[in-house]
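Remarks on the structure that follows.
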Amino acid sequence: MPDRKQRAGFDLVCELGFRPPAHLLVRALAPLRVPPPAVVVAAAAAGFAAAAEIGTHAFLAGALLLQLKTLLDNADGQLARRTGRVTDFGRYLDSEGDFLVDAAVFAGLGVWIGPWWALAGFVLLTTVLSSNFNLERIHRGAPAQWDDSPLGRVYAVLYGWQDRIAERAIRNPSRTTVLVASNFGMSPQLLVLGICLALGHPGAYLVVLVFCAVALAALVAVDRRKP
């Protein structure tokens, strides 16, 4: 697809499951001149609605709304690239919206799995997603960057320290490590969480997060030992 973002990894869930329908949505939205940030806001709204449904034990509704969020998450970047409206504002809004939605979702989960388990899950998910992003970035040799705009400053507070830790911890990430990490990204995470919710076992998602974190830590450790 011409509006696909170029990456070193290949996210199977995203590329095969969500990107094709998102592409169809983008083809419908582009002629209407819908601004990409509006799609970002719609994705965040779906995520907050999912969090509210989870908090009231409407797990199936929450699971479906999370998949809607993923669809819209895939559409906003495609729409920006297709219409030539890629901006730092949209990037910051997307990243910060994801962070707030993740916090809200785990707050909803905390009603059922306990606040401390929910906090642990949020920290684990944040770590896995940050590792996914930074492994790709460092593999490409791209610097961590943000500007002095209001959203840029918020981005620096939320993500800047994560980027700096990653630069100290990650050294010469291999293509295998980047490929594995790419399949632990947001789209697969929300799909697996949705499955756990639909089955009525949201706590099982914590096991998945622990596996992802341990696998990435092991791969990064192996890469660091290489000359």
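Considering only residues that are acidic (D, E) and either touching an Asp or Glu at 6+ places or on another chain (Cβ under 7 Å) or farther than 21 Å from G200 by Cβ (or both), which ones fall in the stretch 37-82?
If the condition is that a residue be acidic (D, E) and either touching an Asp or Glu at 6+ places or on another chain (Cβ under 7 Å) or farther than 21 Å from G200 by Cβ (or both), then D73, D76 are the ones that fit.
Please tell me if L60 is part of a helix (DSSP H, G or I), at pLDDT 95 or above and of a type outside the set (K, R).
Spelling it out, L60 is indeed part of a helix (DSSP H, G or I), at pLDDT 95 or above and of a type outside the set (K, R).
Examine the stretch 193-216 for a residue that is within 25 Å of E15 (Cβ to Cβ), at pLDDT below 95 and of a type in the set (A, V, I, L, M, F, W, C), and state whether such a residue exists.
no
Condition first: aliphatic (A, V, I, L, M), buried (at least 18 other Cβ atoms within 10 Å of the Cβ) and over 20 Å from A50 (Cα atoms). Now tell me which residues in the stretch 85-136 satisfy that.
Within the stretch 85-136, V128, L135 qualify.
Which residue, of A166, A217, A213, is surrounded by fewer than 17 Cβ atoms within 10 Å (Cβ to Cβ) and either among the hydroxyl-bearing types (S, T, Y) or within 20 Å of the chain's Cα centre (by Cα) (or both)?
Testing whether each residue is surrounded by fewer than 17 Cβ atoms within 10 Å (Cβ to Cβ) and either among the hydroxyl-bearing types (S, T, Y) or within 20 Å of the chain's Cα centre (by Cα) (or both) leaves just A217.
Okay, residues lined up against (1) at pLDDT 95 or above; (2) in contact with a His (Cβ under 9 Å, 6 or more places away or on another chain); (3) β-branched (V, I, T):
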site	(1), (2), (3)
G141	no, no, no
D147	no, no, no
I165	no, no, yes
R168	no, no, no
T176	no, no, yes
F184	yes, no, no
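Taking the conditions exactly as written (of a type in the set (F, W, Y), assigned to a helix (DSSP H, G or I) and over 23 Å from A213 (Cα atoms)), does F89 satisfy them or not?
Taking the combined requirement at face value, the residue satisfies it.
Residue by residue, here is whether (1) among the hydrophobic types (A, V, I, L, M, F, W, C); (2) out of contact with any helix residue (DSSP H, G or I) (no Cβ under 7 Å at 6 or more places or on another chain) holds:
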{"position": "G152", "(1), (2)": "no, no"}
{"position": "Q162", "(1), (2)": "no, no"}
{"position": "S174", "(1), (2)": "no, no"}
{"position": "V180", "(1), (2)": "yes, no"}
{"position": "V192", "(1), (2)": "yes, no"}
{"position": "A198", "(1), (2)": "yes, no"}
{"position": "V207", "(1), (2)": "yes, yes"}
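Go through S187, S149, S182 for me and flag whichever is in contact (Cβ under 8 Å) with a residue 60 or more places away in the chain, surrounded by fewer than 16 Cβ atoms within 10 Å (Cβ to Cβ) and not basic (K, R).
S149
Considering (1) part of a helix (DSSP H, G or I); (2) of a type in the set (G, A, S); (3) in contact (Cβ under 8 Å) with a residue 60 or more places away in the chain; (4) more than 22 Å from L72 (Cβ to Cβ), say which one A217 fails and leave the rest.
(3)
The values are calculated or read from the model by the stated rules, or taken from the named source; none is laboratory data. Owing to the predicted nature of the structure, the values given are computational and were not obtained by experimental measurement. Here the Cβ is made from the backbone with ideal geometry for all residues, glycine too, and neighbour counts use every protein chain on show.
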